[in-house]
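In what follows, a single structure is set out as structure tokens and then discussed.
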Amino acid sequence: MMERISRNTRIFFEGAFYSYKALFRWLNPATYLASKVLAPLTIMIFFVFIGAYASGSNNASFYVIGNSLIFAASSGIFGVTMSVGGERWTGTLPYLFGCPANRGAMFIGRAFMHILDGMLGVFIGLGWGILLFKLDLSQANPLALLLTILVTTFSTSGLGLLMGCLSLITRNVMLVNNTVYFALLIFSGANIPVEELPAWMQVIANGLPLTRGVACARTIIAGGSLTEIMPLLKEELLIGIILTILGYFLFKVFEIQAKKLGTLDIF
Amino acid sequence: MCGWWEGRNKMNQVQKNLRVMLLAFEVEMRQNLTDGFVIFGILIQPLLVALMALWMLKGKGPDYAIFVVVGSGMTGLWTTLLFNGGNSITGERWTGTLEPLVASPASLRMIIFGKVLANVAQSLGSMIGSYLLISTILGYPLTLARPALFAVSLLVTVFALVCFGLILASFFILIPDFARMVNTLEFPIYILCGFLFPIALLPGWTTPISYLLSPYWAAQALHGAAQGTLTTGQILADWGWMLAFSLSYILISGKLYQVILRKARVDATLDIVGN
């Protein structure tokens with residue numbers, strides 16, 4: 001029993017590390033940093049300035065917080081999807097499905113580094129907000145904010161795991177990923193208050209990861225307490241768990257199907 | 001007699017170049033129709049940006065919906081130009097067709113011009129899509145204040161962006177990290193060219209950078225003609241800037257393409273991806 005736990009833990013962390021490394025090792029450090037630090041900044045600036053044009057520069061923090069949390073989704077969706085789907089593109093999927101390793105450790109491990117990466121992205125976003133848009137974090141409870149960022153990054157990674165499974169059966173993974181990412185920009189409340197959306201869109205917004213995370217982060221930064229945001233945070237966590245389980249279930253289904261039909265690496 | 005013969009040869013050359021360009025245009029169009037990411041760049045992303053901007057900018061006066069149509073359409077034009085037009089040469093490298101293209105007597109620049117033109121022409125679908133979404137589905141009243149000036153502005157914009165694409169495509173080859181950095185170049189142009197907010201909101205030091213980018217003049221002419229906020233003289237000046245930049249891009253690209261092909265032949269890296 002102990003041996004199995006230790007073996008699965010090793011598979012989890014080794015898989016997490018190597019899949020992350022495989023995704024970014026080909027970039028030189030400057031390019032990697034540009035994609036991690038500069039690209040998110042430009043997206044944030046774009047939406048903050050549209051916001052400033054719409055409602056004045058006093059509202060900048062609304063857009064800064066929303067778009068900082070979006071960076072969690074960026075890692076969660078693109079990173080995790082590419083980690084899972086990349087196995088198919090690089091021709092390593094048959095080996096992965098052929099090995100006797102625990103599928104849960106292998107599959108969920110793919111998200112681990114991207115959760116850390118996504119959290120780092122949110123910190124970078126908030127850092128840019130402080131530097132460029134005078135974001136005030138003095139009222140924020142650091143622990144509550146950290147917990148919010150962790151839970152939000154986890155829940156968006158859950159969505160990434162689900163999308164990653166889809167990338168095992170479709171060629172147009174970038175289309176699906178980008179569409180989901182841009183939909184989150186609209187529905188999550190990062191740029192438009194959820195209560196201003198039409199009723200049918202609010203229903204969708206409430207079923208998505210990130211929506212509650214953005215709301216929690218705004219409450220915490222405005223001086224709210226952990227107790228105040230706890231119900232929302234629990235729901236965000238629950239959404240993440242549901243998406244991860246759903247993703248794992250699909251992963252298993254696709255594995256069985258692909259083995260049956262002999263379509264493991266057919267595009 | 002000699003002059004007549006030279007004139008006829010030149011006409012033949014022009015005809016051949018046009019034929020090459022049109023064939024490259026057709027092939028690129030056909031290939032793009034099967035590419036999901038192109039569909040995302042042309043239709044889905046601009047429509048989502050339009051929806052978002054529509055909500056964010058509501059209350060910005062009666063003309064804001066047409067401002068959003070033009071601005072989100074411009075985001076589609078730029079995204080397609082950057083990701084697809086920019087990859088016009090590297091794409092041939094990936095598919096192993098760059099060597100035969102270079103070996104053929106046709107001008108590589110004309111081939112790339114045709115390919116980029118196909119991308120930019122297709123990405124006009126962004127503006128049409130945004131227009132249909134906002135007017136037909138969402139029911140906003142949309143009127144072009146100066147339709148004739150808008151139509152000509154659009155034509156000049158297409159030409160200017162295609163010329164800009166010639167330079168972009170060469171950067172993908174000359175600067176190995178350019179393709180890897182491409183994600184970081186999408187939004188800066190949205191910002192610096194005032195697609196969805198005036199550049200006056202940006203710090204003053206960024207203004208000269210905006211003036212050096214032809215998409216900025218394109219956005220200014222299109223917004224101005226659509227909303228009727230610019231005089232005819234101002235729009236003509238915008239066209240002038242776009243044409244001046246286009247001319248310089250054409251001249252510079254001629255030299256750049258010579259450098260690329262010479263270097264690739266000397267280093268024997270014509271079909272080596274990543275060099």
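Worth pointing out:
- Matching option when the condition is among the acidic types (Asp, Glu) and buried (at least 19 other Cβ atoms within 10 Å of the Cβ), among A:Asp117, A:Asp136: A:Asp117
Matching residues to (1) out of contact with any helix residue (DSSP H, G or I) (no Cβ under 7 Å at 6 or more places or on another chain); (2) closer than 21 Å to B:Met110 by Cβ; (3) surrounded by 15 or more Cβ atoms within 10 Å (Cβ to Cβ):
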| position | (1), (2), (3) |
| --- | --- |
| B:Gly204 | yes, no, no |
| B:Tyr216 | no, no, yes |
| B:Ala219 | no, no, yes |
| B:Leu222 | no, no, yes |
| B:Leu230 | no, no, yes |
| B:Gln234 | no, no, no |
| B:Asp238 | no, no, yes |
| B:Ile250 | no, yes, yes |
| B:Leu256 | no, yes, yes |
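- Helices (runs of 4 or more DSSP H) enclosed by region B:190-274 - at least 2 residues per element that are under 18 Å from B:Ser72 (Cβ atoms): B:214-227
- For region A:7-112, the helices (runs of 4 or more DSSP H) that sit wholly inside it and include 2 or more residues that are under 27 Å from B:Asn183 (Cβ atoms) and among the polar types (S, T, N, Q) are A:60-74, A:80-89.
- If you go through region B:139-151 and pick out every residue that is under 20 Å from B:Gly240 (Cβ atoms) and open to solvent by 60 Å² or more (accessible area, probe 1.4 Å), you end up with 2.
- Scanning region A:170-205 for residues that are more than 9 Å from every other protein chain (Cβ to nearest Cβ), open to solvent by 40 Å² or more (accessible area, probe 1.4 Å) and not in a loop (DSSP other than H, G, I, E, B) yields A:Glu195, A:Ala199, A:Trp200, A:Gln202, A:Val203, A:Ile204.
- Hey, A:Gly98 without any contact (Cβ under 8 Å) to a residue 60 or more places away in the chain, open to solvent by 20 Å² or more (accessible area, probe 1.4 Å), small (Gly, Ala, Ser) and farther than 19 Å from A:Ser188 by Cα or not: yes
- Considering B:Gly91, B:Gly125, the condition of being more than 14 Å from chain A (Cβ to nearest Cβ), within 24 Å of the chain's Cα centre (by Cα), surrounded by fewer than 21 Cβ atoms within 10 Å (Cβ to Cβ) and at pLDDT 85 or above is satisfied by B:Gly125 alone.
- Among the residues listed as B:Ile175, B:Ile189, the single one being within 14 Å of chain A (Cβ to nearest Cβ), closer than 30 Å to B:Arg93 by Cα and surrounded by fewer than 17 Cβ atoms within 10 Å (Cβ to Cβ): B:Ile175
- Exactly one residue among A:Ile239, A:Ile229, A:Ile220 is open to solvent by less than 40 Å² (accessible area, probe 1.4 Å), touching a residue at least 24 places away in the same chain (Cβ under 8 Å), of a type outside the set (Asp, Glu) and in contact with a Gly (Cβ under 8 Å, 6 or more places away or on another chain), and that residue is A:Ile239.
- Test: residue in region A:46-54 that is farther than 10 Å from A:Phe133 by Cβ and of a type in the set (Ser, Thr, Tyr): yes
- Test for B:Gly129: is it in contact with a Gly (Cβ under 6 Å, 6 or more places away or on another chain) and touching a residue at least 24 places away in the same chain (Cβ under 8 Å): no
- Identity of the residue in region B:24-69, among the charged types (D, E, K, R) and at the interface with another protein chain (Cβ under 10 Å from one of its Cβ atoms), that ends up most open to solvent (accessible area, probe 1.4 Å): B:Lys58
- Verdict on A:Leu143 being open to solvent by 60 Å² or more (accessible area, probe 1.4 Å), in contact (Cβ under 8 Å) with a residue 40 or more places away in the chain and within 14 Å of chain B (Cβ to nearest Cβ): no
- Among residues of region A:5-31, those that are open to solvent by 30 Å² or more (accessible area, probe 1.4 Å) and facing another protein chain (nearest Cβ under 9 Å), counted: 3
- Residues (open to solvent by less than 10 Å² (accessible area, probe 1.4 Å) and of a type in the set (A, V, I, L, M)) located in region A:146-159: A:Ile149
- Number of the condition not met by A:Val64 [criteria: (1) surrounded by fewer than 22 Cβ atoms within 10 Å (Cβ to Cβ); (2) more than 14 Å from chain B (Cβ to nearest Cβ); (3) over 28 Å from A:Thr244 (Cβ atoms)]: (1)
- When B:Leu168, B:Leu132, B:Leu161 are checked against the criterion of being over 29 Å from B:Gly233 (Cβ atoms) and crowded, with 22+ Cβ neighbours inside 10 Å, a single residue qualifies: B:Leu168.
The values are calculated or read from the model by the stated rules, or taken from the named source; none is laboratory data. Not measured: the values here are computed from a predicted model. Here Cβ is always computed from backbone atoms with ideal geometry, including for glycine, and neighbour counts include all displayed protein chains. Just so you know, the surface numbers come from the protein's heavy atoms only, side chains and all, with ligands and any DNA or RNA stripped out. Shrake-Rupley method; radii C 1.70, N 1.55, O 1.52, S 1.80 Å.
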